[in-house]
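Asker: Encoded as structure tokens, here's the structure I'll be asking about.
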Amino acid sequence: MRIGEFSRRAGVSERSLRYYEQQGLLRPARQSSGYRAYQESDLRTVRHIRTLLAAGLNTETIAELLPCMVEDGGRLGPGCAELLPVLRRDRERVDRALADLATARSILDAMIAAPIPVTGAANSACEPVDAPA
DNA sequence: GTTCTAACA
DNA sequence: TGTTAGCA
């Protein structure tokens, strides 16, 4: 099937499908017309790609994992042990990101909890805050 | 009308 | 990733 129908069935924009191909995630055949020709099985591949993207993996990593990922009962998992270190590495990246977000939240919490009453407003357009209780 | 590539008010 | 331009 061509990209239009495939896009609708996969629920992914044509733009994204072309991007996935450019990143080596999908390799649809080409008709003599030059149009991409997708296989029924590509629908499963796209689902896997979306899952991996949702997990925060970059396309380079996905290209590496995709060939070995297997699906069972709707669950996607590594088909070979070599993938585990890669997945763990990304999990650590997520942990660091969460830590950074926690830091950002703390900074915001501290500022929100400590409004500073001033006599002359810093900015004429600013309303002075009330003194904390 | 559909798809393709390339490029970005 | 969306969108648009210019083709075939």
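Any read-out appearing in this document is the output of simple, stated calculations on the displayed coordinates, not a laboratory observation. Since the model is a prediction, treat every value here as computed from it, not as a measurement. Don't worry about glycine lacking a Cβ; one is built from the backbone with ideal geometry, like all the others, and counts go over all protein chains shown.
Asker: Give, as a single signed number, the net charge of other residues whose beta carbon lies under 15 Å from the beta carbon of A:Ala37, with Lys and Arg counted +1 and Asp and Glu -1.
Answerer: +1
Asker: Along the charge dipole of chain A, Cβ charges K/R +1 and D/E -1, which of A:Ile49, A:Ser7, A:Val94 sits furthest on the positive end?
Answerer: Checked the options; the winner is A:Ser7.
Asker: Please list the non-local residues whose amide H lies under 5 Å from the amide H of A:Gln39, H modeled 1.01 Å from N, same-chain partners needing a gap of 5 or more.
Answerer: Excluding prolines and chain starts, which carry no amide H, there are no hits.
Asker: Nearest 20 debye, what's the magnitude of the dipole of the range A:3-113 about its Cα centre given +1 on Lys and Arg Cβ and -1 on Asp and Glu Cβ?
Answerer: 280
Asker: Which GluC sites (Glu not before Pro) does the range A:14-87 hold that lie in a coil by DSSP with at most 13 other beta carbons within 10 Å?
Answerer: A:Glu40, A:Glu82
Asker: Next question. How large is the direction-averaged shadow of the alpha-carbon convex hull of the range A:3-113, in nm²?
Answerer: 9.6
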